[in-house]
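Below is one structure, written out as structure tokens; the observations come after it.
The values are calculated or read from the model by the stated rules, or taken from the named source; none is laboratory data. From a predicted model like this one, the values you see are computed outputs, not experimental measurements. A quick note on method: Cβ atoms are made from the backbone with ideal geometry, for glycine too, and the neighbour counts reach across all protein chains shown.
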There are 2 protein chains.
Amino acid sequence: MNKSIKVFAPATVANVGPGFDVLGFALNDIGDELEVSMTSDDKIRINKIEGYEDLPTDPGQNVVGIAIRALLQELNLDQGFEITIKKRVMPGSGLGSSASSSAAAVYAANVLLGNPFSKRELVKFAMEGERASSGKAHADNVAPSLLGGFTLVRSYGPLDVVSLQYPKNMFATVVHPQIEVKTADSKRILKKEVSLEVAISQWGNVAGLVAGLASGDFDLIGRSLEDHIIEPVRSVLIPGYAGAKHQAMASGALGCSISGSGPSIFALSEGKTTAKKIAKAFEGYYSELNIDHRVYISDINPEGAKVVKVSDSVTGGSRKTEVRSRKVQ
Amino acid sequence: MNKSIKVFAPATVANVGPGFDVLGFALNDIGDELEVSMTSDDKIRINKIEGYEDLPTDPGQNVVGIAIRALLQELNLDQGFEITIKKRVMPGSGLGSSASSSAAAVYAANVLLGNPFSKRELVKFAMEGERASSGKAHADNVAPSLLGGFTLVRSYGPLDVVSLQYPKNMFATVVHPQIEVKTADSKRILKKEVSLEVAISQWGNVAGLVAGLASGDFDLIGRSLEDHIIEPVRSVLIPGYAGAKHQAMASGALGCSISGSGPSIFALSEGKTTAKKIAKAFEGYYSELNIDHRVYISDINPEGAKVVKVSDSVTGGSRKTEVRSRKVQ
């Protein structure tokens, strides 16, 4: 019973242009890894956090412990876990850092417990990590991190997560200018009311985006990646946003918008060649601005959270699938 | 050159639950018919309006004349037409009555002129009929009336009309309780501002509806047919709305909402058997309330505006395709 597994849950892009609070998709390669094993007691112990060591190891303060607790509570179970977190998604990047950890945590615990829940059912437990991290139990990052692909959170009451169809040859290029945007700031500046007229144009674009994804109409996807509500307000917090977007569009992007609440920026494209061209443009642009940055190229990750290594002390056997890291030079 | 054609353009259901001002679909069988021929002068003459004879025959006052004028203007052409209108869609029904006439008018003129425009290009001319009729150049009725199927008006600037995928076995049951709802009233009572929170739930439902239509997921279509913005306000103008909706849902409808700005009510269902059951329930319900009503059952009309008869005085030939009227007994 002393099985240890290593799991990976991807970083994610939430909002996706007009789809504020409802749409999200999963990236490849970049994501958090957790090594988790069950213990013989009922304690959750976070032994180590690699990467961002100032995050709390107290399981009551870390989204990993909080999300697993939510899962155990539903099962009415006292079970201990030993956890090492390999944090690769930078907190505050706008790439679903806390969601990646929360998703990996509940996914690992579920596998070790013999899969009492489906991946879809795990979303609500991972959301408790989001509640702890941001004050609101968002699902738009944890859903794609767990399920992979392009997801829609249609409703929270009841929770209704839909996996959307999307074209195979779609790529995302993401740039993370490494400046801090306080999520609280990016939330506070949003208005609580919007004009009906602007709201109508927003759901017209959401409808166009979902239709374009379903039919593989890249041109429609591009035309629909307009956000008249959030982008105009939040983009002012991101240095160089307008210029970066201009660079992406000039390099052939279908559209370009803010990832999550920023500061990361994503662009969608048809095919990897264009995605690379956009990456190069982002790279050059932020280098010239002298702003530290990271650039990622990724197709849409179709599988979400996954086991990358199993070590079983009973058999001594070990399966391993290495997760490669892909970065632009 | 003295060809006369008879065209049909279907009645339509606009808004479709959460898709206020952007979604619409075409019905079968019910729609307006126009008999149109070109004249040797530059006058547009409306000879007769069958069905609703109090509508204006002055082409400058009738959407038919106004829409054709918009088309001719784009071609920089002075061409006369003689028109007989067979009006089958009751004005003020919420079933796109003026749109049906406008769509039929521009479609007929375009055919007689040798198809200088595609059906999609005709939308903007038919919209001028809508502008004259309601004060706003809406496209959510004229687009499905011209193109058929399920349409999205993603944007007005520039105009972007998208034909959506939808499942074959989907049926609409429509009840038109014959009470007058002034469109001006139904517009005035809408608030100009909505809360961001409610707007988010609305575009979540729009996304779910489009995704469900694309993947043929009837259950998702049903869950997404929620409208938290318009229905709560406008439904109070429709006598018996809550009861009618309850009847539809109890009869197996996927969802039920207001058609256009009402008073017609539509329900969607999987398969004709359920659609008939809903029709019977609507029928019984409004009979008991002693409110005059009409009930229609229709699958989604895939083709939109069409020629039903061509008479050519040169050859004396005549092709005729009769449009049947389908009504619940």
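Values as computed for the structure displayed
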quantity	calculated
The one condition in (1) assigned to a strand (DSSP E or B); (2) exposed (fewer than 13 other Cβ atoms within 10 Å of the Cβ); (3) not acidic (Asp, Glu) that residue A:171 fails to fulfil	(2)
Test: residue B:271 is touching a residue at least 60 places away in the same chain (Cβ under 8 Å), among the small types (Gly, Ala, Ser) and outside the structural domain of residue B:33 (by TED's automatic domain parsing)	yes
Residue list for segment B:206-233, filter: closer than 29 Å to residue B:193 by Cα and more than 13 Å from chain A (Cβ to nearest Cβ)	B:231, B:232
Given (1) among the β-branched types (Val, Ile, Thr); (2) more than 28 Å from residue B:208 (Cα to Cα); (3) touching a strand residue (DSSP E or B) at 6+ places or on another chain (Cβ under 6 Å), index of the condition residue B:162 fails	(2)
Verdict on residue A:120 being within 30 Å of residue A:219 (Cβ to Cβ) and either within 14 Å of chain B (Cβ to nearest Cβ) or of a type in the set (Asp, Glu) (or both)	no
So residue B:43, is it touching a strand residue (DSSP E or B) at 6+ places or on another chain (Cβ under 9 Å), closer than 15 Å to residue B:101 by Cα and of a type in the set (Lys, Arg)	no
Selection count, segment B:234-258, where residues are within 14 Å of chain A (Cβ to nearest Cβ) and either part of a helix (DSSP H, G or I) or touching a Pro at 6+ places or on another chain (Cβ under 7 Å) (or both)	1
Some residue of segment A:53-75 being under 21 Å from the mean Cα position of the chain (by Cα), at pLDDT below 95 and surrounded by 15 or more Cβ atoms within 10 Å (Cβ to Cβ)	yes
Conditions (1) hydrophobic (A, V, I, L, M, F, W, C); (2) facing another protein chain (nearest Cβ under 7 Å); (3) in a helix (DSSP H, G or I); number of the one not met by residue B:190	(3)
Number of positions in segment B:133-177 that are touching a Lys or Arg at 6+ places or on another chain (Cβ under 6 Å), within 14 Å of another protein chain (Cβ to nearest Cβ) and not hydrophobic (A, V, I, L, M, F, W, C)	1
Filtered residues of segment B:193-233 (kept if in a loop (DSSP other than H, G, I, E, B), within 23 Å of the chain's Cα centre (by Cα) and not aliphatic (A, V, I, L, M))	B:216, B:226, B:227, B:228
Near pairs, Cβ below 9 angstrom, 6+ apart or cross-chain, from segment A:95-114 (surrounded by fewer than 24 Cβ atoms within 10 Å (Cβ to Cβ)) to any residue that is of a type in the set (Phe, Trp, Tyr)	A:110/A:117; A:110/A:125; A:112/A:81
So residue A:44, is it buried (at least 22 other Cβ atoms within 10 Å of the Cβ), among the β-branched types (Val, Ile, Thr) and modelled with pLDDT of 95 or more	yes
Candidate set: segment A:193-205, residues that are closer than 16 Å to residue B:156 by Cα and among the hydrophobic types (A, V, I, L, M, F, W, C); chosen: the one farthest from the other protein chains (Cβ to nearest Cβ)	A:198
Restricting segment B:1-30 to residues that are among the hydrophobic types (A, V, I, L, M, F, W, C) and within 12 Å of chain A (Cβ to nearest Cβ), the residue that is surrounded by the fewest Cβ atoms within 10 Å (Cβ to Cβ)	B:20
Residue within segment A:180-194 that is touching a Gly at 6+ places or on another chain (Cβ under 9 Å) and either at pLDDT 95 or above or among the aromatic types (Phe, Trp, Tyr) (or both) present	no
Those residues of segment A:115-127 which are of a type in the set (Val, Ile, Thr) and in contact (Cβ under 8 Å) with a residue 60 or more places away in the chain, in sequence order	none
Filter result (of a type in the set (S, T, N, Q), crowded, with 16+ Cβ neighbours inside 10 Å and outside any helix (DSSP H, G or I)) within segment B:260-310	B:261, B:264, B:269, B:298, B:301
Count of segment B:284-329 residues which are more than 30 Å from residue B:5 (Cβ to Cβ), modelled with pLDDT of 95 or more and in contact with a helix residue (DSSP H, G or I) (Cβ under 6 Å, 6 or more places away or on another chain)	3
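For every residue, the table says whether it meets (1) in contact (Cβ under 8 Å) with a residue 60 or more places away in the chain; (2) hydrophobic (A, V, I, L, M, F, W, C); (3) farther than 30 Å from residue B:289 by Cα.
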{"residue": "B:152", "(1), (2), (3)": "yes, yes, yes"}
{"residue": "B:165", "(1), (2), (3)": "no, no, yes"}
{"residue": "B:196", "(1), (2), (3)": "no, yes, yes"}
{"residue": "B:225", "(1), (2), (3)": "yes, yes, no"}
